[in-house]
Amino acid sequence: MKPVQTKLSLMPADRPTIAFLLFGLALLMLCAAVQAQKHSPAKPIDLNLANVKELQELPGVGPVTAQRIIDLRQKSGRFHRVEDLLAVRGVSQKKLDAMRPYVIVSALPPPASPAQKSSPPPKKQ
């Protein structure tokens, strides 16, 4: 019995589809390379003071997650501990573990002391 040989030939209509898929693959690889070049912040980022741009420096945080962190802070008030980030949609324990070395939570500022009323200077007679 002789093996059957089949020849794979591309139809002219398949060539644009393959070219499109190759272009998509190349674009995906380029995006992955750009994401891999993200540098960690030089100093810890305070979750209660950071803006969207600063939060995006954190590993695993893009523009959407950064905005969600800001939204949670505005809705619920200041962060009390780093673990509060787990309440943000898209922040898993794994992502939190990657961020932890680069984030801090500032202490609550001391309450303003009421201005002490000073007595008027005595009048000279």
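Considering the range 88-107, and only residues there that are touching a residue at least 12 places away in the same chain (Cβ under 8 Å) and aliphatic (A, V, I, L, M), the residue that is farthest from residue 60 (Cα to Cα) turns out to be 105. For first residues located in the range 1-25 and outside any helix (DSSP H, G or I), partners that are at pLDDT 75 or above and lie 6+ apart or on another chain with Cβ distances below 9 Å form the pairs 10/18.
Do the conditions hold for residue 82, that is, is it farther than 20 Å from residue 108 by Cβ and hydrophobic (A, V, I, L, M, F, W, C)? Break it down stepwise before answering.
Details: farther than 20 Å from residue 108 by Cβ: no; hydrophobic (A, V, I, L, M, F, W, C): yes.
So residue 82 fails the test.
Here's a check for you: in the range 67-96, which residue that is crowded, with 17+ Cβ neighbours inside 10 Å and assigned to a loop (DSSP other than H, G, I, E, B) is farthest from the chain's Cα centre (by Cα)?
Here the residue is 79.
Among the residues of the range 33-58, write down those that are aliphatic (A, V, I, L, M), surrounded by 10 or more Cβ atoms within 10 Å (Cβ to Cβ) and either at pLDDT below 70 or in a helix (DSSP H, G or I) (or both). If the condition is that a residue be aliphatic (A, V, I, L, M), surrounded by 10 or more Cβ atoms within 10 Å (Cβ to Cβ) and either at pLDDT below 70 or in a helix (DSSP H, G or I) (or both), then 52, 55 are the ones that fit.
The values are calculated or read from the model by the stated rules, or taken from the named source; none is laboratory data. Source: prediction; values computed, not measured. Note: ideal-geometry Cβ built from the backbone for every residue, glycine included; neighbour counts use all protein chains shown.
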